[in-house]
Structure formats: structure tokens, C-alpha cells
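Let me begin by presenting the structure, written as C-alpha cells, before commenting on it.
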Amino acid sequence: MAWTWRYESSDGTETAAAPAAQGFPTQSDAETWIGETWRELLDGGVDQVTLLEDERVVYGPMSLHPAE
């Protein structure tokens with residue numbers, strides 16, 4: 001079982017970004033990582049992310065833009 005983030009533009013199109021997507025052993029590890037790197041992803045052109053467990057959508061899309 002692997003937890004991964006799918007990087008998306010604001011229209012939901014999957015996008016590549018740095019740092020490259022990676023797998024995490026737990027949901028908690030994946031959520032900690034996104035909490036530490038969301039600004040870098042946003043600066044790299046990612047507008048939103050979706051959390052996946054293997055191929056199953058756990059939640060998302062979740063915007064990386066600060067709330068107004």
C-alpha cells in the first residue's frame with residue numbers, strides 16, 4: 001500500500017512538479033510531507049493536490065492557495 005499525491009492545475013489537469021511525486025508508507029507521512037512542501041509545489045505551478053492510496057482517491061482536490 002502506497003500513499004501518493006497527485007499534482008494538479010486549477011482545472012484538475014495532472015501536472016508535473018518538483019519535487020517529484022513519491023510514495024509514503026502511511027497517510028500521516030504523506031500529510032506531513034505536503035505540509036512541509038506545499039509552498040514549493042505552489043511556486044512550481046501546482047494549484048491543488050489529491051491524496052491517493054494506491055489508485056484510490058482518499059481526498060481532494062485540495063487547493064494549495066492560501067484562503068482569502
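Checking Glu31 against (1) part of a loop (DSSP other than H, G, I, E, B); (2) modelled with pLDDT of 95 or more; (3) acidic (Asp, Glu), which single condition isn't satisfied?
Among (1) part of a loop (DSSP other than H, G, I, E, B); (2) modelled with pLDDT of 95 or more; (3) acidic (Asp, Glu), Glu31 violates only (1).
Pairs under 8 Å by beta carbon, first residue surrounded by fewer than 20 Cβ atoms within 10 Å (Cβ to Cβ) in the stretch 1-15, partner basic (Lys, Arg) and not in a loop (DSSP other than H, G, I, E, B), six or more apart or different chains?
Glu14/Arg6
Only residues that are in contact with a strand residue (DSSP E or B) (Cβ under 9 Å, 6 or more places away or on another chain), at pLDDT below 95 and small (Gly, Ala, Ser): list them for the stretch 34-68, please.
Gly44, Gly45
Taking the stretch 34-57 as the region of interest, how many residues are outside any helix (DSSP H, G or I), loosely packed, with under 13 Cβ neighbours inside 10 Å and either of a type in the set (Ser, Thr, Tyr) or free of Cβ contacts under 8 Å to residues at least 24 places away in the same chain (or both)?
Looking only at the stretch 34-57, we keep the residues that are outside any helix (DSSP H, G or I), and these are 44-57.
So of that shortlist, the ones also loosely packed, with under 13 Cβ neighbours inside 10 Å come out as 45, 54-57.
Filter once more, so that each one left must be either of a type in the set (Ser, Thr, Tyr) or free of Cβ contacts under 8 Å to residues at least 24 places away in the same chain (or both): 55-57.
The total comes to 3.
The values are calculated or read from the model by the stated rules, or taken from the named source; none is laboratory data. Only a predicted model underlies this, so the values are computations on that prediction, with no experimental measurement involved. As a convention, Cβ positions derive from the backbone with ideal geometry for all residues, glycine included, and neighbour counts pool all protein chains shown.
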